[in-house]
Amino acid sequence: MLISAEKEEILISQSPVSSMSVPESPQPVPLVYTDVTVVPEHERNELEKSISSLEGEVLELKSKLKSLDEKRKEVLNKIIDTKGSIRVFCRVRPFLLTERRPIREPVSFGSDNVVVRSAGVRKEFEFDKVFHQSATQEDVFGEVKPILRSALDGHNVCVLAYGQTGTGKTFTMDGTNEQPGLAPRAIKELFNEASMDHTHLVTFTMSMLEIYMGNLKDLLSARQPLRFNEASTKCNLNIQVDSKGSVEIEGLTEVEVPDFTKARWWYNKGRRVRSTSWTNVNEASSRSHCLTRITIFRRGDGVGSKTEVSKLWMIDLGGSERLLKTGAIGQTLDEGRAINLSLSALGDVIAALRRKKGHVPYRNSKLTQILKDSLGTRSKVLMLVHISPRDEDVGETICSLSFTKRARAIESNRGLTDELRKLREKKISELEEEMRDTQESCKKIITRLQEAECLLSDNKKLLRTTHEKYEEDIEEKLLSPINHLKESDATPKSSDKLVKISKSSGYVPRFMTSTVTSRLRQTMSEKEINARPQSIRSVAKTLTQLSTSQSLSLSDSRSRGLLRRSYTKPLQAAANSGTPETPKRDAKDTSLQRKNISDTPKSKMVTSSDPNVRAKLCYHRRRMSSLT
Ligand SMILES: Nc1ncnc2c1ncn2[C@@H]1O[C@H](COP(=O)(O)OP(=O)(O)OP(=O)(O)O)[C@@H](O)[C@H]1O
């Protein structure tokens, strides 16, 4: 926004101040030169009006956005509940380069079912979604994304990777640098979504831990033990449940993650610690469960808004091998038992929740104790079961698939009649349509909100810049009358531009009419005059104040009277009394006042610090040389 500036100069006829007295009216009034910054009052008013209307618009848009956000939340929740708040996906690992592909593959699959053939027996398992061997990390993440939105909406969310060793759990959760997995993608998505939330302030913290043989190990702790069984304050952490049922792990490191880069850094650190500790004990990572927790703090931007806290757990579970088949003994057997116990406890909890059974056996393992508040009724659970395509792994594959069968959130499609299935699909697609519409409306409002906020901030900056500069100048002049007068001294000489004002004509140009600030200064000067300052210095100050008032109406007899009084009384009093009340410097001040100021005023350009605003403002130098 450009504020137009006017350059106006006035010449007011004068009689020199050297006489130390002001003759009675209609004698000439002392010469006063001034240099003031003018932000025309009407423009300032317009700016203030625009700011207040923008503020109103921003408030209105935010409230619309809030109600749309509530609607979006509700619709998403319905979609997730209709699909099932505990969903189970299956991912089939492709054959590795080192693996021999059998002539007749034991595992075949459709979009939501897997069929396993073994020793002439055919077993079919249904899932919410099956990811084929060719499915990319992007495809998998696409299905997980809606549940992340749920986490940001305040629900606790749990994403678990389950399966036999070597079936791709870590590949799905962590991925590689070229093909990042669910965890880094999810973290990135959370930051993305948070940055687009205009009604809440969203912040995140991160924790990582490992469960090995029933012990908890803090993966982000500054001090890491070399071995798992080594004494460490960060091993064997205690699990606490507060009165609201919220689970907390005592002493677990929780780091603030302000952005994705920092979050990724911590995540990689935790993964490194995990692999290092496992190298040291010479074991494979499948012997432990690795848990990553992102805690989400979501606070509304209104005064007194509460902070909602929710958790997103991303868990790479230990391998679900059958102990008899592996022929494990000693520590390996113990580890296998511990893993199987906790996996079986997890299966029991999920099955109890699915059946909506009164008692849910959370206490049977550390894993289920930790996840108690994230597997419950208000939570969303996503289990990704991984299977191998190999002939040799058929037994393990059937075991894994049977485990997840228990965990299915909704009645399997097989249990539904065709009609019910169609109805369910129709409902989901209607809800998804509603969701798209709501999101579209949200986007439009966000765009307008961003524009309004940007304009508002520009206008505020502009108002502040001009106002501050103006106030600064006034302050400077009030504090330093000598400097001001010196500056006036340098007033340029372009007399041809000067405007003569006749006192008798009563004509006052528009720019001389009072503004808010000038009235303020006038009041200040009046106060000072009324206080009858005794020193010349005070007189000089008063004069300066009067002179800086760019719009003091000189046709006003009161103003002229003030000018006269301010010049005569204190000076005369000083002269009459003969008291050397006036210090040398003050005498100099007076002589400075007497100086004829004749330089041409320079119009300064003030540009807002914001390059978008670029408002040019002229500083108006006004000359009040004489009153005729
Ligand atoms: N979908 C896939 N596409 C390509 N390679 C895969 C895929 N899934 C797994 N792999 C590869 O298979 C191997 C084993 O995968 P991964 O280590 O992720 O299995 P895991 O189930 O986590 O094993 P463990 O339980 O021992 O940790 C890795 O070399 C991985 O790169």
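Looking at (1) assigned to a loop (DSSP other than H, G, I, E, B); (2) within 29 Å of PHE95 (Cα to Cα); (3) in contact (Cβ under 8 Å) with a residue 40 or more places away in the chain, which is the one condition that is false for LEU401?
Answer for LEU401: the failing condition is (1).
Can you confirm whether ALA135 is near the ligand (Cβ under 8 Å from one of its atoms), outside any helix (DSSP H, G or I) and within 32 Å of the chain's Cα centre (by Cα)?
Numbers: near the ligand (Cβ under 8 Å from one of its atoms): yes; outside any helix (DSSP H, G or I): yes; within 32 Å of the chain's Cα centre (by Cα): no.
When the stated conditions are applied, ALA135 does not pass them.
Of all residues in region 93-122 being surrounded by fewer than 13 Cβ atoms within 10 Å (Cβ to Cβ) and of a type in the set (Gly, Ala, Ser), which is farthest from the ligand (Cβ to nearest atom)?
If we take residues in region 93-122 being surrounded by fewer than 13 Cβ atoms within 10 Å (Cβ to Cβ) and of a type in the set (Gly, Ala, Ser), then GLY120 is farthest from the ligand (Cβ to nearest atom).
In region 113-131, which residues are closer than 23 Å to ALA186 by Cβ and touching a helix residue (DSSP H, G or I) at 6+ places or on another chain (Cβ under 9 Å)?
Looking only at region 113-131, we keep the residues that are closer than 23 Å to ALA186 by Cβ, and these are 127-131.
The answer is PHE127, ASP128, LYS129, PHE131.
Mind listing whichever residues of region 251-262 are at pLDDT 90 or above and over 22 Å from VAL157 (Cβ atoms)?
Filtering region 251-262 down to residues at pLDDT 90 or above leaves 252-262.
Answer for region 251-262, where residues must be at pLDDT 90 or above and over 22 Å from VAL157 (Cβ atoms): just THR261.
When the residues of region 144-156 are filtered to those that are crowded, with 23+ Cβ neighbours inside 10 Å and under 22 Å from ASN268 (Cβ atoms), which remaining residue is nearest to the ligand (Cβ to nearest atom)?
LEU148
I need a count of the residues in region 379-393 that are closer than 20 Å to VAL115 by Cβ and either part of a loop (DSSP other than H, G, I, E, B) or modelled with pLDDT under 90 (or both).
6
I'd like the residue in region 61-92 that is over 27 Å from GLY181 (Cβ atoms) and of a type in the set (Ser, Thr, Tyr) and, out of all such residues, is surrounded by the fewest Cβ atoms within 10 Å (Cβ to Cβ).
Checking each candidate, the answer is SER67.
Please go through region 157-167 and pick out each residue that is among the aliphatic types (A, V, I, L, M) and near the ligand (Cβ under 7 Å from one of its atoms). Walk me through it before giving the result.
Step one: filter region 157-167 for residues among the aliphatic types (A, V, I, L, M), giving 157, 159-161.
Those that are among the aliphatic types (A, V, I, L, M) and near the ligand (Cβ under 7 Å from one of its atoms): none in region 157-167.
Look at PHE171 and say whether it is within 7 Å of the ligand (Cβ to nearest atom), surrounded by fewer than 21 Cβ atoms within 10 Å (Cβ to Cβ) and of a type in the set (Phe, Trp, Tyr).
Details: within 7 Å of the ligand (Cβ to nearest atom): yes; surrounded by fewer than 21 Cβ atoms within 10 Å (Cβ to Cβ): yes; of a type in the set (Phe, Trp, Tyr): yes.
Considered against the rule, which asks whether it is within 7 Å of the ligand (Cβ to nearest atom), surrounded by fewer than 21 Cβ atoms within 10 Å (Cβ to Cβ) and of a type in the set (Phe, Trp, Tyr), PHE171 comes out as yes.
Of the conditions (1) more than 8 Å from the ligand (Cβ to nearest atom); (2) in contact with a Leu (Cβ under 9 Å, 6 or more places away or on another chain); (3) of a type in the set (A, V, I, L, M, F, W, C), VAL130 satisfies every one except a single condition; which number is it?
Here VAL130 clears every test but (2).
Give the residue that is modelled with the lowest pLDDT, with candidates limited to residues of region 270-318 that are more than 16 Å from the ligand (Cβ to nearest atom) and acidic (Asp, Glu). Reasoning before the result, please.
Of the residues in region 270-318, the ones more than 16 Å from the ligand (Cβ to nearest atom) are 280, 293-313.
Adding the requirement that they be acidic (Asp, Glu) leaves 301, 308.
Working: ASP301: 72, GLU308: 89.
So the residue we want is ASP301.
From the list LEU420, LEU416, which residue is modelled with pLDDT under 85, exposed (fewer than 14 other Cβ atoms within 10 Å of the Cβ) and not small (Gly, Ala, Ser)?
LEU420
Condition check ((1) closer than 17 Å to GLU432 by Cβ; (2) part of a helix (DSSP H, G or I); (3) in contact (Cβ under 8 Å) with a residue 40 or more places away in the chain; (4) in contact with a Lys or Arg (Cβ under 9 Å, 6 or more places away or on another chain)) across all residues:
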{"position": "LYS71", "(1), (2), (3), (4)": "yes, yes, yes, no"}
{"position": "ILE80", "(1), (2), (3), (4)": "yes, yes, yes, yes"}
{"position": "CYS90", "(1), (2), (3), (4)": "no, no, yes, yes"}
{"position": "PHE95", "(1), (2), (3), (4)": "no, no, yes, yes"}
{"position": "GLU99", "(1), (2), (3), (4)": "no, no, yes, yes"}
{"position": "ILE103", "(1), (2), (3), (4)": "no, no, no, no"}
{"position": "VAL140", "(1), (2), (3), (4)": "no, yes, yes, yes"}
{"position": "VAL144", "(1), (2), (3), (4)": "yes, yes, yes, yes"}
{"position": "CYS158", "(1), (2), (3), (4)": "no, no, yes, yes"}
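Pick from region 195-244 the residues that are of a type in the set (Lys, Arg) and modelled with pLDDT under 80: which of them is farthest from ALA452 (Cα to Cα)? Break it down into steps so the answer makes sense when it comes.
So in region 195-244, the residues of a type in the set (Lys, Arg) come out as 217, 223, 227, 234, 244.
From what's left, modelled with pLDDT under 80: 223, 227, 234.
Values: ARG223: 49, ARG227: 57, LYS234: 50 Å.
Once the filter is applied, the top-ranked residue is ARG227.
Quick check: anything in region 89-104 of a type in the set (Ser, Thr, Tyr), over 30 Å from ILE428 (Cβ atoms) and at pLDDT 75 or above? Steps first, answer last, please.
First pass over region 89-104, keeping only residues of a type in the set (Ser, Thr, Tyr): 98.
Within this subset, residues satisfying the condition of being over 30 Å from ILE428 (Cβ atoms) are 98.
If we keep only those that are at pLDDT 75 or above too, we end up with 98.
Checking region 89-104: at least one residue is of a type in the set (Ser, Thr, Tyr), over 30 Å from ILE428 (Cβ atoms) and at pLDDT 75 or above.
Mind listing whichever residues of region 426-445 are surrounded by 13 or more Cβ atoms within 10 Å (Cβ to Cβ), within 14 Å of LYS71 (Cα to Cα) and within 22 Å of the chain's Cα centre (by Cα)?
Across region 426-445, the qualifying residues are GLN439, SER441, CYS442.
The values are calculated or read from the model by the stated rules, or taken from the named source; none is laboratory data. Predicted model only: the values in this text are computed from it and were never measured. Methodologically, a virtual Cβ is constructed for each residue, glycine included, from the backbone with ideal geometry; neighbour enumeration extends over all protein chains shown.
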